Amino acid sequence: MQAAAVVTGAGSGIGRAVSLALLRDGYDVALLGRRHEPLLNTARESGAEKHSLVLPADVTDPAAVAAVFESVRERFGRLDLLFNNAGISGPSVPLEDLSLAEWQAVVAVNLTGMFLCTKAAIAIMKAQAPRGGRIINNGSVSSHAPRPNSAPYTATKHAVTGFTKSVSLDGRRHNIACGQIDIGNAATEMS
């Protein structure tokens with residue numbers, strides 16, 4: 001059986017690069033992101049469209065995330081890897097000028113979206129045979145060395161580190177490993 005992965009934020013930047021690498025390495029890959037066209041472009045560029053599943057969805061929407069992972073289970077029959085990559089930074093403004101809505105938008109994508117995707121992935125990984133899988137969370141060096149005017153982004157990336165440690169601990173008995181990468185500056189584009 002071929003290994004299967006889900007990559008969030010797969011339409012551009014790091015998520016796109018990871019998706020292309022996984023497809024080159026023979027994975028079936030569900031490409032998850034907000035916009036259909038960038039995801040379709042990733043699938044086309046891979047040259048492995050038959051191994052791609054394009055799933056436009058908002059990671060902050062619980063029903064949409066549940067539908068994505070159900071599609072993955074139906075199409076691939078299993079899930080071996082989740083790369084939680086979707087994220088936003090929010091406006092670079094002094095904290096007193098940051099609106100509650102701007103704060104909540106960053107928390108929703110960077111933290112709640114990761115929670116929703118991880119929760120759905122774990123349910124599949126625990127139920128499949130052989131049981132288990134791998135979860136990689138995209139953190140940031142900003143959780144170690146923040147930039148000015150980045151409180152929402154920095155706070156969520158600190159939270160990602162704690163979330164990763166908790167999932168790693170809880171997943172062990174189910175053969176689910178969870179780790180984190182902390183990338184610094186990356187040449188990327190937002191989609």
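The values are calculated or read from the model by the stated rules, or taken from the named source; none is laboratory data. Just so you know, these numbers come straight off a predicted model, no measurement behind them. Here Cβ is always computed from backbone atoms with ideal geometry, including for glycine, and neighbour counts include all displayed protein chains. For the accessible areas, the whole protein counts, side chains as well, though only heavy atoms, and no ligand, DNA or RNA atoms are used. Shrake-Rupley method; radii C 1.70, N 1.55, O 1.52, S 1.80 Å.
Return yes or no: is Thr161 farther than 18 Å from Ala5 by Cα, β-branched (Val, Ile, Thr), part of a helix (DSSP H, G or I) and open to solvent by less than 10 Å² (accessible area, probe 1.4 Å)?
In short, no.
Does Ser71 satisfy the condition of being open to solvent by 30 Å² or more (accessible area, probe 1.4 Å), under 21 Å from Gly133 (Cα atoms) and among the hydroxyl-bearing types (Ser, Thr, Tyr)?
When the stated conditions are applied, Ser71 passes them.
Yes or no, residue by residue, for (1) farther than 22 Å from Val109 by Cβ; (2) at pLDDT 95 or above; (3) under 18 Å from the mean Cα position of the chain (by Cα); (4) aliphatic (A, V, I, L, M):
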| residue | (1), (2), (3), (4) |
| --- | --- |
| Lys119 | no, yes, yes, no |
| Gln128 | yes, yes, no, no |
| Asn137 | no, yes, yes, no |
| Ser142 | no, no, yes, no |
| Arg147 | no, no, no, no |
| Leu169 | yes, yes, no, yes |
| Ser191 | no, no, yes, no |
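Just to be sure, is Ser92 open to solvent by less than 70 Å² (accessible area, probe 1.4 Å), within 18 Å of Pro148 (Cα to Cα) and hydroxyl-bearing (Ser, Thr, Tyr)?
No; evaluated as a whole, the condition is false for this residue.
Under the condition of being closer than 17 Å to Phe69 by Cα and not hydrophobic (A, V, I, L, M, F, W, C), which residue from the stretch 3-34 is most open to solvent (accessible area, probe 1.4 Å)?
Arg34
Quick check on this structure: which one of Val106, Val59 is closer than 22 Å to Arg134 by Cα and open to solvent by less than 20 Å² (accessible area, probe 1.4 Å)?
Val59 is the lone residue from the list that is closer than 22 Å to Arg134 by Cα and open to solvent by less than 20 Å² (accessible area, probe 1.4 Å).
Conditions: (1) in contact with a Ser or Thr (Cβ under 9 Å, 6 or more places away or on another chain); (2) outside any helix (DSSP H, G or I). Cys117 meets all but one. Number of the miss?
If we test Cys117 against (1) in contact with a Ser or Thr (Cβ under 9 Å, 6 or more places away or on another chain); (2) outside any helix (DSSP H, G or I), just (2) comes out false.
Can you name the residue in the stretch 171-187 that is farther than 20 Å from Asp80 by Cβ and more than 15 Å from the chain's Cα centre (by Cα) and, of all such residues, is most open to solvent (accessible area, probe 1.4 Å)? Before the answer, list the steps.
Kept after step one, since they are farther than 20 Å from Asp80 by Cβ, are these residues of the stretch 171-187: 182-187.
If we keep only those that are more than 15 Å from the chain's Cα centre (by Cα) as well, we get 184-187.
Working: Gly184: 39, Asn185: 133, Ala186: 47, Ala187: 112 Å².
Here the answer is Asn185.
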